[in-house]
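Asker: Would you mind keeping the following structure in view while I ask a few things?
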Amino acid sequence: MSTADVVIRDARAGESVALSALMLRSKAHWGYDTALLESWRAELKVTEAMIARGEVFVAQRDGAVLGVAAVVDEPPDVELDTCFVEPAAIGSGVGRVLVETALARARDAGAHTMRV
């Protein structure tokens, strides 16, 4: 699957629930048991406040969201707080596109380092 047709856009107001669910599906893909996933539910979350601050962006193809990432904190030291890919798209390069976008956005904002 090519990433040439993957579009990056800012997350939109009202998408926090769907993006948080994507994060849990992505984490579940790696075989974690249900109890452990539930214990992470509060942490694996995109909030409407994060979206409003412009921290969250998504990768999509043909209108379908394939991944989500968020860069938080203020330059010069920012953090890649979130980076998750829809299970069907894992291994397709979408994660790489998200990380490359996060790095570019951090640099453009004046960051010198990005924690993961």
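Asker: For region 1-101, which trypsin sites (Lys or Arg not before Pro) are in a loop by DSSP, counting at most 15 other Cβ atoms within 10 Å?
Answerer: Values: sites: Arg9, Arg12, Arg25, Lys27, Arg41, Lys45, Arg53, Arg61, Arg96; in loops: Arg12, Arg41, Lys45, Arg53.
Listed in order of number, the matching sites are Arg12, Arg41, Arg53.
Asker: Note the direction-averaged projected area, equal to a quarter of the hull surface, for the Cα convex hull of the chain, in nm². Intermediate results must be reported in sequence, preceding the final value.
Answerer: Numbers: hull surface 28.4 nm².
In nm², the orientation-averaged hull projection of the chain is 7.1.
Asker: Report the semi-axes of the equivalent ellipsoid for region 17-63 in whole Å, largest first, where each axis is √(5λ) for an eigenvalue λ of the Cα gyration tensor. Let's see the in-between values first.
Answerer: Numbers: eigenvalues 96, 43, 9 Å².
Over the Cα atoms of region 17-63, the semi-axes work out to 22, 15, 7 Å.
Asker: When only DSSP loop residues count, what GluC sites (Glu not before Pro) in region 28-106 have their Cβ near at most 15 other Cβ atoms within 10 Å? Write down the numbers at each step before the final one.
Answerer: Values: sites: Glu38, Glu43, Glu48, Glu55, Glu79, Glu100; in loops: Glu43, Glu55.
Here the GluC sites (Glu not before Pro) that fit, given the DSSP loop and packing criteria, are Glu43.
Asker: Any idea of the accessible area per residue across the chain, 1.4 Å probe, to the nearest Å²?
Answerer: For the chain, the solvent-accessible area averages 55 Å² per residue.
Asker: How much length is gained on full extension from Leu37 to Thr3, taking 0.36 nm per residue of separation minus their Cα-Cα distance?
Answerer: On the way: separation 34, 0.36 × 34 = 12.24 nm, distance 2.89 nm.
Stretched out fully, the Leu37 to Thr3 stretch lengthens by 9.4 nm.
Asker: Please check the chain for the longest run free of chymotrypsin sites (Phe, Trp or Tyr not before Pro) that are loop-located per DSSP (anything but H, G, I, E, B) and have at most 15 other Cβ atoms within 10 Å. Provide the component values of the computation, followed by the final result.
Answerer: Details: sites that count: Trp30, Tyr32.
Looking at the chain, 33-116 is the longest stretch - no exposed chymotrypsin sites (Phe, Trp or Tyr not before Pro) with at most 15 other Cβ atoms within 10 Å.
Asker: Now, a different point. Semi-axes of region 59-116's equivalent ellipsoid from the Cα gyration tensor, sqrt of 5 times each eigenvalue, largest first, rounded to whole Å? Show your work: numbers first, answer last.
Answerer: Working: eigenvalues 108, 20, 15 Å².
Semi-axes from the Cα gyration tensor: 23, 10, 9 Å.
The values are calculated or read from the model by the stated rules, or taken from the named source; none is laboratory data. What you see is a predicted model; the values in this text were computed from it and never measured. In this analysis, Cβ positions are derived from the backbone assuming ideal geometry, glycine residues included, and neighbour counts consider all displayed protein chains. Heads up: the accessible areas ignore ligands, DNA and RNA and are worked out on the full protein's heavy atoms, side chains in. Shrake-Rupley method; radii C 1.70, N 1.55, O 1.52, S 1.80 Å.
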